[in-house]
Amino acid sequence: MLLEQFRSFYLRNYPDDMEKQIEYFAVFGGLGWEVDTMRPIEQLIEELLLQNFDKLNEKIEQLTLFDTSNKKLLRALAIGDRRIFSAFNRAGLNNGNGGRALNYLQEKGLIQLEYSREEHPRDLNPDAKLKREDAKRRISHKVLFTHPFIRFWFYFIVPHAKEIKAKNFDNVIKNFRIKQNSYTSLVFEELSEVLLNYNLRDAQILSSGSYWDRNIEIDILTLTHDERIYVAECKWTNHKVNKKELHKLLEKCEKLGITPTQVIFFSKRGFSKELLQKQGKELALYSAEDFSALVKNGSKDELIDNFLS
């Protein structure tokens, strides 16, 4: 679905470079609107979203059934680490009302689960007597928003709803300006996995997605049928990725006990000369413009409808 939305956004709006495509898609993706990408994104947020707050908010309320638990959970998922249990805690929900909200949002198609690939100590050694902390450990799955715009709404708009209703937009725009890169990072990570899997389309992928456990987080870990292992990190920052980041990722692999077939970096701002010299069979480097591969064969027939209609 994310690939379809990404292509649809491109075919509606034709931004002049992929960095702009990714940045504007992270805000308006899935909304199904035409967006003038020649204009500054902050102006578009104000004119298209903030000025139309009441109309859009009514649609969001209908999608969430005007239910407080649904809205609290979406807000917690938008700003947190995406783990279900921590989102319940942040939203002040328990397993009962939180679980009901989670199930509804899944059924409505607003979120989807990303399942943890961590194994519980009990599964690794069923007969062993576990330490108390290991026995009580809960492996938490994560959640992804199916439409970038919905996450944007609960990340930036909801906290400033009263100000926006009063036509005071200063704080929401200021907050967006400060947090835009960190907010966009997750969408960039999701799109990076799409691009990696697109490039591996001739391989049989067994498992792909982010990896996390108590000690390690890797943006993308992809395993193929022929036992190849691809690990990737995604950096949506205004700094070039350097050799230090490579060492950090290799240390994570060592702790996890895996030997990657290929290490991959996806970067907004490119790479240091030292890292560029090392790219080859064991190291692949992708910049924003490489994401054009995802839209080059698209056609107007692929345009998807406005999910708020």
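What follows draws every value from the coordinates through simple rules; no lab data is involved. Please read these numbers as outputs of a predicted model, since none were measured by experiment. Every residue, glycine as well, gets a Cβ built from its backbone with ideal geometry; the counts of neighbours run over all protein chains shown.
Can you give me the relative contact order of the range 2-182 as a percent, contacts being Cα pairs under 8 Å and 6 or more apart? This gives 24 percent for the range 2-182.
The Cβ shell under 10 Å around ASP67 holds other residues with a net charge of +2, Lys and Arg each +1, Asp and Glu each -1. Under 12 Å from a point 7 Å along the Cα-to-Cβ line of GLU289: which residues of the range 1-42 have their amide N that close? Residues 17-19 qualify, since their backbone N sits under 12 Å from the label point. Going by neighbour counts of Cβ atoms within 10 Å, the residues TYR115, TYR286 line up, fewest first, as TYR115, TYR286. First measure r as the distance between the Cβ atoms of ARG214 and LYS248, then evaluate 1/(1 + (r/R0)^6) with R0 = 22 Å and state the FRET efficiency to the nearest 0.05. Calculated transfer efficiency: 0.80.
Assigning unit charges at the beta carbon (Lys, Arg +1; Asp, Glu -1) and nothing else, what dipole magnitude in debye, to the nearest 20, does the range 192-294 show about its Cα centre? Could the numbers behind the result be given before it?
Working: 15 positive and 15 negative charges, 92 e Å.
Magnitude of the dipole: close to 440 debye.
Under the convention that each Lys and Arg Cβ holds +1 and each Asp and Glu Cβ holds -1, the size of the dipole of the range 2-182 around its Cα centre is about 900 debye.
Would you mind ranking ILE264, ILE45 so that the residue whose beta carbon has the fewest other beta carbons within 10 Å leads the list?
Numbers: ILE264 23, ILE45 20.
With the sparsest Cβ surroundings first, the list reads ILE45, ILE264.
Across the chain, the longest run free of exposed loop sites, meaning trypsin sites (Lys or Arg not before Pro) lying outside DSSP classes H, G, I, E and B with no more than 11 other Cβ atoms within 10 Å, spans 1-128. For the pair the range 80-106 / the range 147-177, the C-alpha centres are spaced 22 Å from each other. Label reach from ASP226 (point 7 Å along Cα→C-beta): in the range 236-275, no amide nitrogen lies under 11 Å.
For the pair ILE205 and HIS239 in one chain, pulling the backbone fully straight at 0.36 nm per residue adds 9.1 nm over the alpha carbon distance.
Of TRP236, TRP153, TRP33, how do they rank once you tally other Cβ atoms within 10 Å and put the fewest first? Please report the intermediate quantities before stating the final value.
Values: TRP236 25, TRP153 22, TRP33 15.
In order of increasing Cβ crowding within 10 Å: TRP33, TRP153, TRP236.
Just how large is the dipole of the chain about the Cα centre, in debye to the nearest 20, putting +1 at every Lys and Arg Cβ and -1 at every Asp and Glu Cβ? My answer is approximately 1100 debye.
Give the whole-number value, in cubic angstrom per residue, of the convex hull volume spanned by the C-alpha atoms of the range 192-294.
Residue-normalised Cα hull volume stands at 101 Å³.
Using DSSP loop states and a limit of at most 12 other Cβ atoms within 10 Å to flag GluC sites (Glu not before Pro), what is the longest stretch of the chain containing no flagged site? Longest stretch, sites excluded: 120-226. Using 0.36 nm times the number of residues separating GLU46 and ASP67, minus their current alpha carbon distance, what extension gain do you get? Result for the pair: 4.9 nm of gain on full extension.
How many percent of the alpha carbon pairs in the range 2-182 exceed a separation of 24 Å? The partial results should precede the final answer.
On the way: 7543 of 16290 pairs.
Beyond 24 Å sits 46 percent of the P(r) for the range 2-182.
Think of the range 192-294 as having a plus end and a minus end, set by charges on the Cβ of Lys, Arg, Asp and Glu; of ALA284, LEU196, LEU294, ALA284 sits farthest toward the positive end of this dipole. Note on the chain: along the principal axes its Cα atoms extend 58, 48, 36 Å, ordered by decreasing extent.
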